[in-house]
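S.K.: Here you go, one structure.
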Amino acid sequence: MRNTLVIFGQLTDDDVVWLTEAGAPRRLAVGVQLIEEGTPVQFVYLLLDGEAKVTTGENGQTDVARLRAGDMIGEMSFVDASPPSASVTTTVDSMVLEIPRHALERRLQADSGFASRFFQALAMLLSDRLRQTMDRFKDTGRNAAENALAIDELDPNVLEVVTRAGERFERLLKASREKLLN
């Protein structure tokens, strides 16, 4: 949920509408591989529901991370155009919003405001992931939850952004589910 807030806290309602229209929702069974290590990626995914694991190495023997609703998948390869350094596979029945790379690139070229918000969201997301990775290597005796701010420590302005981000994600999820039914 934290990444949901990072991403959707930066985007506007119009941005979310565009993502809904440009993307295609997909229901995925357990074990579907969205990204294969070393194979170029043609889509960026938003994990709307479910869970996926990030693995690396031959046969995916090294678990790197778990992704949950609100996480973006394929963003690293989108940013630097390098083949993925890990594989991503669903661990439960899931739903993603599949956004074609070429459509996203066109939107970023055509709308500088969207580009600014999108790349700000990506920067915050990747920064947060790096911090989480670094925390795993630290031997501080504290876990990530202890390092995170408590809700009562948040500024009221931050709480407003968090609320809007959650609402945007819920609208995207609802619109994607409706799109699947049609």
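S.K.: When residues of the range 1-13 are filtered for being touching a Gly at 6+ places or on another chain (Cβ under 9 Å) and either free of Cβ contacts under 8 Å to residues at least 24 places away in the same chain or surrounded by fewer than 17 Cβ atoms within 10 Å (Cβ to Cβ) (or both), how many remain?
M.R.: So the count comes out to 3.
S.K.: Quickly run through the range 10-31 and pick out the residues that are small (Gly, Ala, Ser) and in contact with a helix residue (DSSP H, G or I) (Cβ under 9 Å, 6 or more places away or on another chain). Before you say what the answer is, go through the steps one by one.
M.R.: First pass over the range 10-31, keeping only residues small (Gly, Ala, Ser): 22-24, 29, 31.
Within the range 10-31, ALA22, GLY23, ALA24 meet the criteria.
S.K.: Then there's this: Which members of the range 48-60 meet the condition of being in contact (Cβ under 8 Å) with a residue 24 or more places away in the chain and either closer than 13 Å to LEU97 by Cβ or not in a helix (DSSP H, G or I) (or both)?
M.R.: LEU48, ASP49, GLY50, GLU51, ALA52, LYS53, VAL54, THR55, THR56
S.K.: Same structure, new question: Which condition number in (1) surrounded by 14 or more Cβ atoms within 10 Å (Cβ to Cβ); (2) within 24 Å of ASP93 (Cβ to Cβ) is the one that ALA29 fails?
M.R.: Exception for ALA29: condition (1).
S.K.: Taking the range 111-124, which residues are within 28 Å of LYS53 (Cα to Cα) and either acidic (Asp, Glu) or buried (at least 19 other Cβ atoms within 10 Å of the Cβ) (or both)?
M.R.: PHE118, ALA121, LEU122
S.K.: Determine the pairs where a residue that is farther than 24 Å from ALA115 by Cβ and in contact (Cβ under 8 Å) with a residue 12 or more places away in the chain, located within the range 75-96, has a partner that is surrounded by fewer than 13 Cβ atoms within 10 Å (Cβ to Cβ) and not aliphatic (A, V, I, L, M) with Cβ atoms under 7 Å apart, the partner being 6 or more residues away or on another chain.
M.R.: THR89/GLY31; THR90/GLY31
S.K.: Is one or more of the residues making up the range 20-41 within 13 Å of the chain's Cα centre (by Cα), modelled with pLDDT of 90 or more and in a loop (DSSP other than H, G, I, E, B)?
M.R.: No, there is no match, as no residue in the range 20-41 is within 13 Å of the chain's Cα centre (by Cα), modelled with pLDDT of 90 or more and in a loop (DSSP other than H, G, I, E, B).
S.K.: Is it the case that some residue within the range 52-63 is of a type in the set (A, V, I, L, M, F, W, C) and in contact with a Gly (Cβ under 6 Å, 6 or more places away or on another chain)?
M.R.: Residues of the range 52-63 of a type in the set (A, V, I, L, M, F, W, C): 52, 54.
Okay, now just the ones that are also in contact with a Gly (Cβ under 6 Å, 6 or more places away or on another chain), so none.
Looking for residues that are of a type in the set (A, V, I, L, M, F, W, C) and in contact with a Gly (Cβ under 6 Å, 6 or more places away or on another chain), one finds none in the range 52-63, hence no.
S.K.: Condition first: within 15 Å of the chain's Cα centre (by Cα) and closer than 16 Å to ALA121 by Cβ. Can you find one or more residues in the range 80-92 that meet it?
M.R.: no
The values are calculated or read from the model by the stated rules, or taken from the named source; none is laboratory data. In this text the structure is predicted, and so the values were computed from the model without any measurement. Don't worry about glycine lacking a Cβ; one is built from the backbone with ideal geometry, like all the others, and counts go over all protein chains shown.
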